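**Student:** This is the structure I want to talk about, given as structure tokens.
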Amino acid sequence: MQRKFLIASGLTLLGTAGAAPALSAELTISCGAVGAELTLCEQGVEAWENETGHDVEIVSTPNSSTERLSLYQQILSARSGDIDVLQIDVVWPGLLANHLIDLEETLGEDAAEGHFETIVANNTVDDRLVAMPWFTDAGVLYYRKDLLEKHGVAPPETWQQLTDIAVEIQAAEREAGNDKLWGYVFQGRAYEGLTCNALEWVASHGGGTLVDADGEITIDNENAATALDLAASWIGEITPRGALNYTEEEARGIFQSGNAVFMRNWPYAWSLAQSEDSEVAGKVGVVKLPHGPNGESAATLGGWNLAVSKYSENPELAADLVAYLTGEAEQKRRAIEAAYNPTLTSLYADEEVLEAVPFFGTLYDTFTNAVARPSAVTGDNYGRVSNAFFNAAHGVLTDEQDGADAVAELDSELSRIKRRRW
């Protein structure tokens, strides 16, 4: 197994791991960019290599989902076979479908049997299964059990409760000498992660989902504006200003070092928070995200899938690798070792999985009823829709405008995009 590195500006081979040159691998795969996600993929790929005798080269791609999509689009538009197997975001099947093979033709009509039906449907474009579900995601709320118990409060059910608890504990702990503690961290950079956070704020306030299932724009309403204004009130108060540039890992770093009471993140952060080098190991709880006064808890649907490029020279072999990595044994291993949510329903009743990640059982409904971003209905325009949304949300967080003005301007911008047709 080798590693090579591509950059979007020129698809340049920057380097290959290993002491000596080697023949080209039979397959290449993009799976994970850094940390545990990349390590898990390397282990899974190595196991497939040992079983089949084939070689696989792992292509390193940007950690930012926005930058990774740009790289994929450049490679695929050039009809390049540089990457045989691509790890694609749950919102990308519609954008990339024309460049991907139909996996049912290679793996059979029952290829996706047992996987969450909603994800299979999401990955099926024009009756073609263009990606296999690999792991699913939904936003959850992490909290410091020890601090909430110390101050005699229960995990919050509403955003206002979270705000009040964060203010109280942050003030008390700072007075006691912990001047680095913050109340709440989340993903505040202007990127797809903020789209996920902002959608949760808006939907859980009863403000809709930006664009509804019929393609109608729904963002310009009082509940949506209120949700964004509340989030803006956190900055500099219970949330560090640095959060305006946080992705998942920056937020996790603050929380895992013991410097935050609450954190919004994906399930992957669980196993890392419990690791030996974590300052909060054994002190963390996980519950569903709070809601506003006019809504219910809403968690954005996330997750990643594996697809095979139409330009691969070995599509059948690539599909076999996809089937292996998305199979039950691999998904179970990834769930137990790193808390990656399986897409196979049977694993949510597996005793070993539930022992390793208890909230997979308690939050099962959260994962199965997560709120989808409007990628299917907006099609090729989703990238522009999401960019407009996260930039509007970021503008409110940075006090450039208030929620009401932001959603009104966003409505107008989305209407201009829609005039070109979703």
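**Student:** Mind checking which residues of the range 11-39 are modelled with pLDDT of 95 or more and either within 21 Å of residue 65 (Cβ to Cβ) or of a type in the set (Phe, Trp, Tyr) (or both)?
**Tutor:** Passing the criteria: 28, 29, 30.
**Student:** Right, next: Considering only the range 44-96, state which residues are farther than 25 Å from residue 386 by Cα, of a type in the set (Asp, Glu) and touching a Leu at 6+ places or on another chain (Cβ under 8 Å).
**Tutor:** The answer is 55, 57, 82, 84.
**Student:** When you look at residue 174, is it closer than 27 Å to residue 359 by Cα and at pLDDT 95 or above, yes or no?
**Tutor:** It is false that residue 174 is closer than 27 Å to residue 359 by Cα and at pLDDT 95 or above.
**Student:** Can you name the number of the only condition in (1) within 22 Å of residue 73 (Cβ to Cβ); (2) open to solvent by 20 Å² or more (accessible area, probe 1.4 Å); (3) in contact with a Ser or Thr (Cβ under 7 Å, 6 or more places away or on another chain); (4) not acidic (Asp, Glu) that residue 376 fails?
**Tutor:** (3)
**Student:** When residues of the range 75-123 are filtered for being of a type in the set (S, T, N, Q), buried (at least 20 other Cβ atoms within 10 Å of the Cβ) and either in contact with a Pro (Cβ under 6 Å, 6 or more places away or on another chain) or closer than 21 Å to residue 58 by Cα (or both), how many remain?
**Tutor:** As a first pass, look at the range 75-123 and keep what is of a type in the set (S, T, N, Q): 77, 80, 87, 98, 106, 118, 122-123.
Now narrow it down to the ones that are buried (at least 20 other Cβ atoms within 10 Å of the Cβ): 87, 122-123.
Of the ones still in play, those that are also either in contact with a Pro (Cβ under 6 Å, 6 or more places away or on another chain) or closer than 21 Å to residue 58 by Cα (or both) are 87, 123.
Within the range 75-123, residues that are of a type in the set (S, T, N, Q), buried (at least 20 other Cβ atoms within 10 Å of the Cβ) and either in contact with a Pro (Cβ under 6 Å, 6 or more places away or on another chain) or closer than 21 Å to residue 58 by Cα (or both) number 2.
**Student:** Residues of the range 219-257 being more than 21 Å from residue 302 (Cα to Cα) and free of Cβ contacts under 8 Å to residues at least 24 places away in the same chain, which ones?
**Tutor:** Of everything in the range 219-257, those that are more than 21 Å from residue 302 (Cα to Cα) and free of Cβ contacts under 8 Å to residues at least 24 places away in the same chain turn out to be 236, 241, 242, 257.
**Student:** Also, I was wondering about something else. What tally of residues in the range 231-249 results from selecting those that are open to solvent by 20 Å² or more (accessible area, probe 1.4 Å) and either assigned to a helix (DSSP H, G or I) or under 20 Å from residue 174 (Cβ atoms) (or both)?
**Tutor:** Final tally of qualifying residues: 9.
**Student:** Let me ask something else about it. Right, residue 261: of a type in the set (Val, Ile, Thr) and either part of a loop (DSSP other than H, G, I, E, B) or open to solvent by 20 Å² or more (accessible area, probe 1.4 Å) (or both) or not?
**Tutor:** Spelling it out, it is not the case that residue 261 is of a type in the set (Val, Ile, Thr) and either part of a loop (DSSP other than H, G, I, E, B) or open to solvent by 20 Å² or more (accessible area, probe 1.4 Å) (or both).
**Student:** If residue 139 satisfies every condition in (1) at pLDDT 95 or above; (2) more than 24 Å from residue 304 (Cα to Cα) but one, which is the exception?
**Tutor:** For residue 139, the failing item is (2).
**Student:** Just to be sure before I move on: is residue 306 under 30 Å from residue 109 (Cβ atoms), within 21 Å of the chain's Cα centre (by Cα) and not acidic (Asp, Glu) in the structure I sent?
**Tutor:** In short, yes.
Okay, residues lined up against (1) open to solvent by 40 Å² or more (accessible area, probe 1.4 Å); (2) outside any helix (DSSP H, G or I):
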residue: 330; (1), (2): no, no
residue: 346; (1), (2): yes, no
residue: 360; (1), (2): no, no
residue: 367; (1), (2): no, no
residue: 383; (1), (2): no, no
residue: 386; (1), (2): no, no
residue: 390; (1), (2): no, no
residue: 404; (1), (2): yes, no
residue: 421; (1), (2): yes, yes
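The values are calculated or read from the model by the stated rules, or taken from the named source; none is laboratory data. Just so it is clear, the structure is predicted and the values come from calculations on it, not from any experiment. Note that each Cβ is placed from the backbone with ideal geometry, even for glycine, and that neighbours are counted across all protein chains shown. Side chains are part of the model used for accessible areas, which takes the heavy atoms of the whole protein and leaves out ligands, DNA and RNA. Shrake-Rupley method; radii C 1.70, N 1.55, O 1.52, S 1.80 Å.
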